[in-house]
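Following: one structure in structure tokens, then a few remarks.
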Amino acid sequence: MILTDALTRPLGRKVLNGINHLGAATIFLGKALGSIFRSKQLLATLEQIYYIGATSTSIVMLVGLFTGMVLGLQLHYTLVKFGSEGALGSAVALSLVREMGPVLTAIMVAARAGSSMAAEIGIQRISEQIDALHTMRIEPLRYLVSPRIAAAVISFPLLTAFFDLIGIFGGFLSGVLLLGGDPGIYLFRVESSIEWEDVSGGFIKSLVFALVVATICCYQGYFTHLRGDSQGAKSVSLSTTSAVVLSCVFVLIADYVVTSLLM
């Protein structure tokens, strides 16, 4: 009995702690959404769109290109075994638009821009800049978090679209130019297989992932001073690591939930 209590109590404590953080993050998001797209913070939102969206375009397109090329190679050799190599365009396009495009885009942006958001807000917290905003009667969530969430909501669908287009082109490079497939059949399959439901489903996922990534990264940075495992600069580094890891995990969880609802 004593051994059972010793094993279950830490686990139960971690579960309750996780539920508390999940509820706090939900309230955090709700308060930030209350001030989203305000005209007074248009400039701050544009700056975050540039940082989250424009500066992430090159890495997203690079990953999209090689993802499409790998899909073209793998799916070509798989489809050849069943005599269906003509369906390569459909397989590549649907895989990217419905699933891989939104997920990999969200993970790449979380690793690049999300980590920076967590670190920047975390440094502002430990250097008492957020406390200074309170002193000046400026709401920190409206000033720091809302523009980042608004920028993520705008940037994620656009980056996902770039990823999908470049990925389809990458599949064309490997499946047609390198392996000798028919370019006309590939492009026809891409055009005929993709429907609006596929595109809208991918954009819905990207919007959900934008909220997930922006909320987790901002939340980790905003409350970095409350970490029980470290203080000061080390707490910022741990919060940044937690932000990226949790963002990737919750993107995959949200992907399953959204996919099950859209099916």
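A compact table of results
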quantity: Looking only at the range 205-255, and only at residues there that are under 17 Å from Ala110 (Cβ atoms) and among the aromatic types (Phe, Trp, Tyr), the one that is surrounded by the most Cβ atoms within 10 Å (Cβ to Cβ); calculated: Phe209
quantity: Condition check for Leu133: in a helix (DSSP H, G or I) and farther than 16 Å from Leu211 by Cβ; calculated: yes
quantity: Residue check for Leu33: in contact (Cβ under 8 Å) with a residue 40 or more places away in the chain and either under 15 Å from Ala152 (Cα atoms) or crowded, with 20+ Cβ neighbours inside 10 Å (or both); calculated: yes
quantity: Qualifying position, being under 16 Å from Leu144 (Cα atoms), surrounded by 14 or more Cβ atoms within 10 Å (Cβ to Cβ) and at pLDDT 90 or above, among Ile49, Ile107; calculated: Ile49
quantity: Every residue from the range 166-218 that is touching a Lys or Arg at 6+ places or on another chain (Cβ under 7 Å) and among the aliphatic types (A, V, I, L, M); calculated: Ala214
quantity: Of the criteria (1) part of a helix (DSSP H, G or I); (2) farther than 28 Å from Arg148 by Cα, which one Ser56 fails; calculated: (2)
quantity: Filter result for Cys248 (closer than 11 Å to Gly122 by Cα, in a helix (DSSP H, G or I) and at pLDDT 85 or above); calculated: no
quantity: Filtered residues of the range 205-216 (kept if farther than 16 Å from Asn20 by Cα and in contact with a Ser or Thr (Cβ under 6 Å, 6 or more places away or on another chain)); calculated: Ser206, Val213
quantity: Lone qualifier among Asp198, Asp131, Asp182 - being over 13 Å from the mean Cα position of the chain (by Cα), surrounded by fewer than 19 Cβ atoms within 10 Å (Cβ to Cβ), closer than 30 Å to Ala233 by Cα and among the charged types (D, E, K, R); calculated: Asp131
quantity: Tally, over the range 207-236, of residues that are over 22 Å from Pro157 (Cα atoms), in a helix (DSSP H, G or I) and either among the charged types (D, E, K, R) or without any contact (Cβ under 8 Å) to a residue 60 or more places away in the chain (or both); calculated: 2
quantity: Residues located in the range 36-46, provided they are surrounded by fewer than 16 Cβ atoms within 10 Å (Cβ to Cβ) and of a type outside the set (A, V, I, L, M); calculated: Phe37, Arg38, Ser39, Lys40
quantity: Test: Gly89 is outside any helix (DSSP H, G or I) and either of a type outside the set (Asp, Glu) or in contact with a strand residue (DSSP E or B) (Cβ under 9 Å, 6 or more places away or on another chain) (or both); calculated: no
quantity: Pairs with Cβ under 9 Å, 6+ apart, first in the range 77-94 and under 15 Å from Glu195 (Cβ atoms) and in contact (Cβ under 8 Å) with a residue 24 or more places away in the chain, second of a type in the set (Gly, Ala, Ser) and not in a helix (DSSP H, G or I); calculated: Gly89/Gly181
quantity: Residue in the range 181-197 that is touching a helix residue (DSSP H, G or I) at 6+ places or on another chain (Cβ under 7 Å), among the hydroxyl-bearing types (Ser, Thr, Tyr) and farther than 30 Å from Pro140 by Cβ present; calculated: yes
quantity: Matching residues, the range 13-30, being hydrophobic (A, V, I, L, M, F, W, C) and either modelled with pLDDT of 80 or more or surrounded by 16 or more Cβ atoms within 10 Å (Cβ to Cβ) (or both); calculated: Ile19, Leu22, Ala24, Ala25, Ile27, Phe28, Leu29
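The values are calculated or read from the model by the stated rules, or taken from the named source; none is laboratory data. Everything numeric in this text was worked out from a predicted model, so none of it was measured. Positions of Cβ are backbone-derived with ideal geometry, glycine not excepted, and every protein chain shown enters the neighbour counts.
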